[in-house]
Amino acid sequence: MKILYIIGNGFDLWHGLPTSYSQFYDFAKETLDDVENYYLFDLHDHEPWHDFENALGAFCWEDFYDYHNEVDIQSDDFKPSHIYGLEDELTEQTDLHVESIKESFLNWVEQIDVNKANEKMVFPENSHFINFNYTSSLQLIYGIENEKIFHIHGQAKTSDELIFGHGKHIVNKPEIDENGESTRSMFSDAESAAKYPLFALRKPVDELLEQYNSFFEQLHDIEKIVVIGHSINVIDLPYFKRLAEQLPTTKWKVCCYTENEKIEHLQKLINININKELISMCSYDEL
């Protein structure tokens, strides 16, 4: 039987690896000392990565804008060039903000010592993997060959860029209102510059699905899908939907920590049109 394993962050946490976002913050807090000023989350909470990703979509660009905006149009020495200067300043600062988060994240993942983990289960010989994690835990703990593992969002130390971010759909304010009047102001371009992190820290799932279409198409002979450590969160749900469309009669087995998780995960899969009869839930000790 050819089995496809979907591996999420819970898999690495199960193996004792320090991959929660609270542990990321402990590593990166000195370089991200202002990050909590613009996001609605407590980085000290012990939560899985998807909650941190969701929170990136709550970037408060207004606060970021207000912090950097020192232009007073009522001042006697006000000049239009001051507004262009503000736009340039915001462009520079948002670039630095985004790059600091990406760089800290990459540095953190690359320093995680996977060799400290031990085997927890046995994978059948004819197993293949979609790995949502950035670590090489499958290779280093279980000796899985690289060609059997698809790191869908990149792999530490081998990928040029690791893909992470929120799944919120960002809608720009129309430049023309319902009466055909312009909504722009002299500060519109500066405000747009302040919104950049919302776009730069968004996970491009739709684009990735199109890019990886040939990968999904070659999965036609998969007889069973096993999900380990993935929360089937809203951000990544389109990948699961794509699998369901490609493999409409394939059986699913989903590993969960709690009974509540079993109920929640089952409903998520049913909501993307997977037949309930094809889904079974299990605990980690049943793997």
* With every protein chain present, what accessible area does Thr19 have (1.4 Å probe, heavy atoms only), rounded to the nearest 10 Å²? -> 10 Å²
* Distance in nm between pseudo-label sites at Lys157 and Asn273 (7 Å out along the Cβ direction from Cα) -> 4.2 nm
* Send over the semi-axes of region 64-177's equivalent ellipsoid, whole angstrom and largest first, taken as the square roots of 5 times the C-alpha gyration tensor eigenvalues. => 48, 17, 10
* To do: Run down the lysines and flag those whose C-alpha is under 21 Å from the C-alpha of Lys116, throwing out any fewer than 8 positions away in its chain.
  => Lys157
* Label-point separation in nm, Met121 to Asp76, each point 7 Å along Cα→Cβ -> 7.4 nm
* Which value, in Å² and to the nearest 10, is the accessible area of Arg242 when all protein chains are kept and the probe is 1.4 Å? -> 40 Å²
* To do: Could you pull out the longest piece of the chain with no exposed loop GluC sites (Glu not before Pro) in it, calling a site exposed if DSSP puts it outside H, G, I, E, B and it has at most 15 other Cβ atoms within 10 Å?
  => 224-287
* **Positive minus negative residues near Glu99 (Lys, Arg vs Asp, Glu; Cβ under 13 Å)** => -3
* Charge dipole of the chain about the Cα centre (unit charges at C-beta), most positive-ward option of Tyr65, Leu90, Leu198 -> Leu198
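As a test of reading the structure, rank Lys29, Lys173, Lys203 by solvent-accessible area (1.4 Å probe, protein chains only), most first.
Lys173, Lys29, Lys203
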* To do: Express the accessible area of the chain per residue in Å², computed with a 1.4 Å probe while the remaining protein chains stay in the model.
  => 53 Å²
* Structure fact -> Expected max-MSF residue from Asp189, Asp72, Asp26 in the GNM of the chain (alpha carbon, under 10 Å) is Asp72
* To do: Could you check which residue among His82, His153, His97 shows the biggest mean-square fluctuation in a GNM of the chain with a 10 Å Cα cutoff?
  => His82
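Report, in debye and to the nearest 20, how large the dipole of the chain comes out about its Cα centre when Lys and Arg carry +1 and Asp and Glu carry -1 on their Cβ. It would help to have the intermediate numbers written out before the result.
Numbers: 22 positive and 53 negative charges, 393 e Å.
Computed charge dipole of the chain: roughly 1880 debye.
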* Structure fact -> Debye calc, one equal point scatterer per Cα of the chain, no solvent, log10 I(q)/I(0) at q = 0.07, 0.08, 0.15, 0.16 1/Å comes to -0.33, -0.42, -1.17, -1.29
* Asked: If you place +1 on the Cβ of every Lys and Arg and -1 on the Cβ of every Asp and Glu, how big does the dipole about the Cα centre of region 61-114 come out, in debye to the nearest 20?
  -> 140 debye
* List, in order, the whole-Hz ³J(HN,Hα) value for each residue of region 215-232 obtained from phi through the Karplus relation with A = 6.51, B = -1.76, C = 1.60 and θ = phi - 60°; use x for Gly and Pro. => 5, 5, 5, 7, 8, 4, 9, 6, 9, 8, 10, 10, 9, 10, x, 9, 7, 6
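Carbon and sulfur atoms: what percent of the 1.4 Å accessible area of the chain do they account for? Write out the running numbers ahead of the final one.
On the way: 7010 of 15340 Å².
Carbon and sulfur together cover 46 percent of it.
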* How big, on average over all directions, is the shadow cast by the Cα convex hull of region 166-287, in nm²? -> 11.1 nm²
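The values are calculated or read from the model by the stated rules, or taken from the named source; none is laboratory data. As the structure is a prediction and not an experimental result, all values here were calculated from the model. Here the Cβ is made from the backbone with ideal geometry for all residues, glycine too, and neighbour counts use every protein chain on show. Heads up: the accessible areas ignore ligands, DNA and RNA and are worked out on the full protein's heavy atoms, side chains in. Shrake-Rupley method; radii C 1.70, N 1.55, O 1.52, S 1.80 Å.
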